[in-house]
Amino acid sequence: MSDVRNEKVFVAGHRGMVGSAIVRQLEGLGYTNILTAGRDQLNLLDQAAVQAWLAEHQPEQVYIAAAKVGGIHANNTYPAEFIYENLMIEANLIHGAHQAGVQKVLFLGSSCIYPKFAEQPMREDSLLTGILEPTNEPYAIAKIAGIKLCESYNRQYGRDYRSVMPTNLYGPNDNFHPENSHVIPALLRRFHEAVKAGDEVVVIWGSGKPMREFLHVDDMAAASVYVMELAEEAYQANTQTMLSHINVGTGVDCTIRELAETIAKVTGFEGRLEFDSTKPDGTPRKLMDVSRLKTLGWEASIGLEDGLAQAYQWFLKNSYAVRS
């Protein structure tokens, strides 16, 4: 293991929520040669630039945490950017890694790859068995393509390119934009501002009935490194050549109403909740079957209320909106 932790490890997207958590996890485990490159140093949409950077730096492992991400509003508003940028980022990195002789890649996807009405909890083998949720179909198509890119390079070139599909993530370095963020940061900010303003009501998009599973990003980072470190024999024994991705989640979900009530508790909001049913709900339920990952020896450890409290404290300390 000490030899592995001296290898050059490139974390693409290190300034984002997931990428920064992976860097923290690697540093905590004693990895000594972590490579990063910000947008000012490397444009991941530029194929030639990516190939040149990988050829120059010669990493031995690549984590693909870079992506264009957002909530329902952002996905609905910018579908072209979501499919184009995510396809380009993953294609440039996976093909560039192959050209540079990188044997190990971990691609990070999303639970939105599964059909809108997939049987719950969603198993890995439900991929490509039904239509996708329309609000984030472009993003989902890009992530499915990333999985298949990894599998294709494994099949044709004998690479060891793996994929992990996280459930809904939250935590430090999340995007707290009032419109373009995911549900947890959006609600944390909305409830915080309601408390500051003395509001008696917080309005929440949708009916509050959809069920969602949430995973703290530090758990996601721990799972990512765990999967990357698995012996190739163990990984292959628990996956299939053309169904190689691994779900990462808690295996537990809650309604959006229950989530909002917990966030109200964490932020100290004592007013009333109202639900705007004219806004889209998205997929009715998204619960991951995480039995494959459990069989491989990993389980999440951060509970939702504790994780939300940690995320809120990070927001209070780091959000420009709060400081200003």
Residue under evaluation M17, criteria (1) closer than 21 Å to L169 by Cα; (2) without any contact (Cβ under 8 Å) to a residue 12 or more places away in the chain; (3) under 19 Å from the mean Cα position of the chain (by Cα), criterion not met: (2)
Subset of the range 182-239 that is assigned to a strand (DSSP E or B) and aromatic (F, W, Y) - its residue that is surrounded by the fewest Cβ atoms within 10 Å (Cβ to Cβ): W205
Residues satisfying the stated conditions in the range 102-127, i.e. surrounded by fewer than 20 Cβ atoms within 10 Å (Cβ to Cβ), closer than 20 Å to Q240 by Cβ and in contact with a Pro (Cβ under 8 Å, 6 or more places away or on another chain): S126
Residue in the range 276-308 that is surrounded by the fewest Cβ atoms within 10 Å (Cβ to Cβ), counting only those that are part of a loop (DSSP other than H, G, I, E, B) and of a type in the set (S, T, Y): T278
Flag if P166 is surrounded by 18 or more Cβ atoms within 10 Å (Cβ to Cβ), farther than 24 Å from D46 by Cα and not acidic (D, E): yes
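Picking from Y157, Y161, which residue would you name as being surrounded by fewer than 23 Cβ atoms within 10 Å (Cβ to Cβ) and not basic (K, R)?
Going through Y157, Y161 in turn, just one is surrounded by fewer than 23 Cβ atoms within 10 Å (Cβ to Cβ) and not basic (K, R): Y157.
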Hits in the range 179-203 (condition: free of Cβ contacts under 8 Å to residues at least 24 places away in the same chain and within 21 Å of L215 (Cα to Cα)): R190
Single unsatisfied condition, L273 versus (1) hydrophobic (A, V, I, L, M, F, W, C); (2) in contact with a Lys or Arg (Cβ under 9 Å, 6 or more places away or on another chain); (3) assigned to a helix (DSSP H, G or I): (3)
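Read-outs: derived from the displayed coordinates by stated rules, not from any lab. Everything quoted here is computed from the prediction, not taken from an experiment. Virtual Cβ from ideal backbone geometry, glycine too; neighbours counted across all protein chains shown.
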